[in-house]
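We did not get these values from a lab; they are worked out from the coordinates using the rules stated. Worth saying up front: this structure is predicted, and the values here are computed from it rather than measured. In this analysis, Cβ positions are derived from the backbone assuming ideal geometry, glycine residues included, and neighbour counts consider all displayed protein chains.
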């Protein structure tokens, strides 16, 4: 794990926040392309080029592997249909599962970062819910 992963202002953490916002937007405007969304958000969010580059990796990865990602989430979300998961939590899960199955980051980092996003953007139960699902995904993906 890179040491910058631990700092709130790391480019990857910023990339995850950017990606989460774009994934959430695309839940309501699925016809909007990743590139269009990135261009739009660049006008409103200040971030290093490295953050934008990793956000693009996350977005394209979630986009191209969505069926596989959703399959992991379905298998791991016992007693919850994917359609019942809040849009914010689902976006966090998709992004984190992509990181886990693509070997971009260690499982622990992907889960920790997802939990932090859930604490910041989700409901009071989001962090616990996301942690549980991702831990199950981790076991399945090993």
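Things worth noting here:
- Residue in region 83-98 that is surrounded by fewer than 19 Cβ atoms within 10 Å (Cβ to Cβ), assigned to a helix (DSSP H, G or I) and free of Cβ contacts under 8 Å to residues at least 40 places away in the same chain present: yes
- Of all residues in region 119-133, none are surrounded by 20 or more Cβ atoms within 10 Å (Cβ to Cβ) and over 22 Å from residue 13 (Cβ atoms).
- The set of residues in region 36-69 being in contact (Cβ under 8 Å) with a residue 24 or more places away in the chain and more than 12 Å from the chain's Cα centre (by Cα) consists of 45, 47, 48, 50, 51, 52, 53, 65, 68.
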